[in-house]
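> If you scroll down you'll find the structure; I have some questions about it.
Each reported figure results from applying straightforward, stated rules to the coordinates on display, with no laboratory input. From a predicted model like this one, the values you see are computed outputs, not experimental measurements. Glycine gets a Cβ as well: all are built from the backbone with ideal geometry, and neighbour counts include every protein chain shown.
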Amino acid sequence: MSVFKKVMASAALAATMFATPAAAEDVRIALVVKALGIGFFEAAAKGAEEAAAELGDVEIIYTGPTDTTAEGQIEVINALIAQNVDAIAISANDTDALVPALQKAMQRGITVISWDSGVAPEGRQMHLNPSSNALIGNMIIKLAADHLPDGGDVAVLSATTTSTNQNIWIEEMNKVMGNYPGINVVGTVYGDDLADKSYREATGLMQSNPDLDAIIAPTSVGIVAAAQAVVDAGKVGQVNVTGLGLPSEMAGAIESGASKSFAIWNPIDLGYSAAMLAYEISKNGVEAGPGAEIPMGRMGTLTLDENSEGAMADPFVYDASNIDEFKSIF
Amino acid sequence: MTDTATNTRQIPDRLTSRTTRVFRSWEALLLAVAIAIFIVNSFASPYFLNAWNLSDATFNFTEKAMIAFAMALLIIAGEIDLSVASIIALASTAMGLAVQYGAGTPELVIIGLTVGLLCGAFNAVFVTILGLPSIVVTIGTMSLFRGISYIILGDGAFRGYPSSFSWFGQGYVYWVITVEMVLFAIIAVIYGVLLHKTNFGRSVYAIGNNPTGAVFSGIRVQRVKFILFLLTGFMSGVAAICLTSRLGSTRPSIAQGMELEVVTMVVLGGVNILGGSGTIPGVVIAAFVIGLVTFGLGLLNVPGIVMSIFIGLLLIGVIALPRLWKMAAEKRRRA
């Protein structure tokens with residue numbers, strides 16, 4: 001019995017194991033994600049592979065746990081330390097819990113950077129943010145202004161009055177209003193990130209401001225609800241809904257014309273940049289610290305702030321020309 | 001003539017010899033699987049046979065195995081505790097809270113163990129005194145205990161554990177031997193003795209095989225079960241100390257889903273999920289099997305999803321094959 005079992009077990013193991021060969025002299029960069037099977041991260045892996053193809057001597061190890069747990073990611077990190085990979089670029093499930101494991105990785109000479117979802121500063125050499133508050137604040141008003149060459153009235157549909165992110169973005173937007181002459185913000189309402197409340201607030205905005213030209217919703221819930229409200233009010237072409245949203249949820253609004261364009265980070269660019277940065281630090285010995293400027297291929301140069309964090313780029317604009325490509329991704 | 005008096009004939013109490021039994025046992029089968037996996041791993045990855053890497057790999061199972069020993073006794077006695085991972089969350093949250101008020105390492109350990117014991121006692125009261133089914137009670141407390149952690153922590157985290165506290169989960173006793181490994185070994189021996197060498201252990205088997213019979217044999221069934229729940233809670237407290245120390249922080253999602261991994265380990269170790277049979281050596285080997293498989297596959301960057309498929313197949317395979325083998329053997333005998 002035991003012989004039979006042994007054969008079964010070894011055969012099954014061997015079949016799974018010999019499937020992934022590894023090249024020896026390549027720079028091995030592990031792209032560790034929150035969990036496998038999420039479209040956003042699959043797209044990031046695609047971007048990392050693009051960077052690898054561009055660099056030539058890079059092998060990307062795309063890996064992550066099954067569930068979005070810190071314990072799962074630590075097991076993955078331990079396995080990567082054991083393989084002595086050259087760099088780990090991680091989107092963390094937990095800011096703090098991964099620190100001891102990642103510190104161990106750095107002690108053994110592995111380059112550690114975080115991207116998307118960060119690790120506490122003592123657990124990584126640098127962090128790549130997809131964008132910055134200032135860039136997002138500017139982008140949301142620019143999206144509205146681009147379609148209003150003669151100026152016009154816009155209103156903001158936010159999440160809750162206490163939503164930190166949205167409040168900062170709106171504040172940043174107000175700072176740059178001077179660059180967009182002729183654009184007036186006629187009001188800010190709060191949909192509390194609830195679909196039905198956002199819908200009612202958007203409808204209310206259109207009733208109280210009959211000349212409204214655009215609704216800016218810097219929240220993925222609000223933007224979808226506002227687009228629906230515009231369609232139901234028969235104001236497609238008259239009121240343009242824009243802001244931050246997910247391509248999969250916004251594909252319908254782009255198709256109906258309720259939204260001409262909206263923005264969010266591009267996961268492909270994010271994965272590409274993370275791989276580029278990891279390569280620069282690991283292979284070319286670029287020092288990652290406050291004030292450092294690190295090249296990241298076609299995405300330009302990343303400048304790190306006092307916490308060794310950097311913002312990749314403007315949020316990526318999605319419109320009728322590219323929505324079909326991205327709506328299946330995330 | 002005196003020959004007939006002294007020359008007594010031994011009547012064997014078993015049909016097979018002791019060695020045959022050992023070789024045909026579940027543990028031998030599992031050990032063979034473990035050795036096979038070890039050998040395959042050594043050939044499959046050049047990084048496998050490295051003392052430090054193997055040492056790191058033990059973290060994949062040590063904490064789970066600590067709970068698995070207590071869980072094995074509980075399952076042998078015909079009960080189950082699905083709240084263990086939530087007990088870890090609550091104990092870890094309590095320790096994190098204490099840190100905010102300046103507690104040192106000894107206090108943290110006491111708090112962790114006490115919360116574990118209290119949670120175990122809470123389960124035990126509902127099962128043994130109110131007579132409710134343990135699976136229902138512990139599914140309830142699974143949400144309850146973790147829910148309390150979520151209320152206390154929300155989406156925040158407790159940090160700032162004293163540096164001496166990191167000894168439990170990150171410390172080394174000698175060379176590559178971690179503190180957790182030593183704890184694992186000590187706990188394994190204690191539970192092995194408790195189950196296989198004491199009256200208490202015998203009564204655990206008796207209860208699992210026939211609870212009514214156990215009552216009529218003079219075993220205090222409810223008291224034994226009460227103690228078993230206390231032990232499971234206590235071991236969850238120990239695991240909470242190790243895990244919290246290893247992570248250096250507490251979030252309410254800590255150890256999420258660990259209860260099923262613990263039960264998987266116990267069942268793979270040959271413990272009958274319906275109660276009545278199973279051994280501690282079996283659970284020890286099962287812990288190594290799971291640890292070796294996950295680490296081996298991790299070294300080859302096999303995605304976690306494939307890994308869980310593999311663990312599932314291993315579990316079903318190891319359980320189903322002996323049954324199939326027996327069926328085939330019976331058919332052959334009848335033919």
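> P(r) of region B:203-335 in 5 Å steps, Cα pairs, percent per bin?
Final binned percentages: 2, 8, 12, 16, 16, 16, 13, 8, 5, 3, 1, 0, 0.
> Also: About the Cα centre of the protein assembly as shown, how large is the charge dipole given +1 on each Lys and Arg Cβ and -1 on each Asp and Glu Cβ? Please answer in debye to the nearest 20. Write down the numbers at each step before the final one.
Working: 38 positive and 54 negative charges, 960 e Å.
Rounded to the nearest 20 debye, it is 4620 debye.
> Enumerate the amide H contacts of B:SER277 below 5 Å, restricted to partners 5 or more residues apart or on another chain; note that Pro and chain-start residues carry no placed amide H.
The list, which skips near neighbours in sequence, is B:ASN272.
> Based solely on its DSSP helices, what 222 nm [θ] is calculated for chain A when runs of n ≥ 4 H residues each add -39,500 (n - 2.57) and the sum is averaged over all residues, nearest 500 deg cm²/dmol?
On the way: 11 runs with 138 residues, N = 330.
It comes out at -13000 deg cm²/dmol, rounded to the nearest 500.
> With charges only on Cβ, +1 for K and R and -1 for D and E, what is the dipole size of region A:133-264 about its Cα centre, in debye, rounded to 20? Walk me through the numbers before you get to the answer.
Values: 6 positive and 14 negative charges, 21 e Å.
Around 100 debye, computed over region A:133-264.
> Beyond a 23 Å Cα-Cα separation, which of these cross-linked pairs lie in this structure: A:LYS142/A:LYS175; A:LYS34/A:LYS175; B:LYS225/B:LYS326; B:LYS64/B:LYS225; B:LYS197/B:LYS225? The partial results should precede the final answer.
Details: A:LYS142/A:LYS175 13 Å; A:LYS34/A:LYS175 34 Å; B:LYS225/B:LYS326 33 Å; B:LYS64/B:LYS225 21 Å; B:LYS197/B:LYS225 18 Å.
Long pairs (Cα-Cα over 23 Å): A:LYS34/A:LYS175; B:LYS225/B:LYS326.
> Just name one of A:PHE262, A:LEU246, A:VAL85: the one whose Cα is farthest towards the positive end of the charge dipole of the protein assembly as shown (beta-carbon charges, Lys/Arg +1, Asp/Glu -1).
Towards the positive end, the residue furthest out is A:VAL85.
> Work out the charge dipole of region B:50-322 with +1 on the Cβ of Lys and Arg and -1 on the Cβ of Asp and Glu about the Cα centre, then indicate which of B:LEU144, B:ILE187, B:SER217 is farthest towards its positive end.
B:SER217
> Which Rg and Dmax, in Å, describe the Cα atoms of region B:101-183?
Looking at region B:101-183, its Cα Rg and Dmax stand at 16.9, 50 Å.
> In addition: Taking just the alpha-carbon atoms of the protein assembly as shown, what radius of gyration and Dmax come out, in angstrom?
Cα-based Rg and Dmax for the protein assembly as shown come out at 29.9, 128 Å.
> So in the protein assembly as shown, what percent of DSSP beta bridges are antiparallel if you round to the nearest 5? If you can, show how the numbers build up before the last one.
Numbers: 10 of 46 bridges.
Restricted to the protein assembly as shown, the bridges split so that about 20 percent are antiparallel.
> Which aspartates and glutamates, if any, have their Cα less than 13 Å from the Cα of A:LYS283, not counting same-chain residues under 8 positions apart?
In chain and number order, the partners are A:GLU25, A:ASP26, A:ASP57, A:GLU59, A:ASP86.
> Run the reach check for A:LYS235 against lysines, Cα to Cα strictly under 18 Å, same-chain hits fewer than 8 apart removed. What comes back?
Once the sequence-local lysines are set aside, what remains near A:LYS235 is A:LYS260.
> Where in chain A are the helices, taken as whole DSSP H runs, whose Cα atoms extend 15 angstrom or more along the long axis and whose Kyte-Doolittle mean reaches at least 0.5? Please list the in-between numbers first.
Values: long enough: A:2-17 (22 Å, 1.11); A:39-55 (24 Å, 0.19); A:70-82 (18 Å, 0.96); A:133-146 (19 Å, 0.97); A:164-175 (17 Å, -1.30); A:195-208 (20 Å, -0.97); A:220-232 (19 Å, 1.56); A:267-282 (22 Å, 0.67).
Passing helices, by number: A:2-17, A:70-82, A:133-146, A:220-232, A:267-282.
> Calculate I(q)/I(0) for chain B by the Debye formula, one identical point scatterer on each C-alpha and no solvent, and give its log10 at q = 0.08, 0.12, 0.15 Å⁻¹ to two decimals.
Those come out to -0.43, -0.90, -1.31, one per q.
> Continuing with the same structure: Amide H of A:ILE183: which non-local residues (sequence gap of 5 or more, or other chain) have their own amide H closer than 5 Å, using H built in the peptide plane?
It is A:GLY152, by chain and number.
> Quick one: what Rg and Dmax do you get for chain A from the alpha carbons, in Å?
Considering chain A through its Cα atoms, Rg and Dmax are 22.8, 83 Å.
> Find the Cα radius of gyration of region A:145-268, compare it with 2.2 N^0.38 Å by division, and give the number to two decimals. Mind showing how you got there, number by number?
On the way: Rg = 13.2 Å, N = 124, 2.2 N^0.38 = 13.7 Å.
Taking the Cα Rg and dividing by 2.2 N^0.38 Å, one obtains 0.96.
> Could you give the distance between the Cα centres of region B:65-101 and region A:174-213, to the whole Å?
51 Å
> Moving on. For peptide B:309-318, what's the mean number of Cβ atoms from other chains within 10 Å of each residue's Cβ? Could the numbers behind the result be given before it?
Details: counts 2, 3, 0, 0, 3, 4, 0, 0, 4, 3.
Across the residues of B:309-318, the mean count of other-chain Cβ atoms within 10 Å is 2.
> Take every residue in peptide B:266-272, count the Cβ atoms of other chains within 10 Å of its Cβ, and give the average of those counts. Walk me through the numbers before you get to the answer.
Numbers: counts 0, 0, 0, 0, 0, 0, 0.
Mean shielding count: 0.
> Further question on the same structure: Report, by chain and number, residues whose modeled amide H sits under 5 Å from the one on A:SER117, excluding near sequence neighbours (fewer than 5 apart, same chain).
Under 5 Å from the amide H of A:SER117: A:ALA92.
> While we're here: Can you give the convex hull volume per residue for the Cα atoms of region A:211-312, as a whole number of Å³? The partial results should precede the final answer.
Details: hull volume 12.3 nm³, N = 102.
Convex hull of Cα atoms, per residue: 120 Å³.
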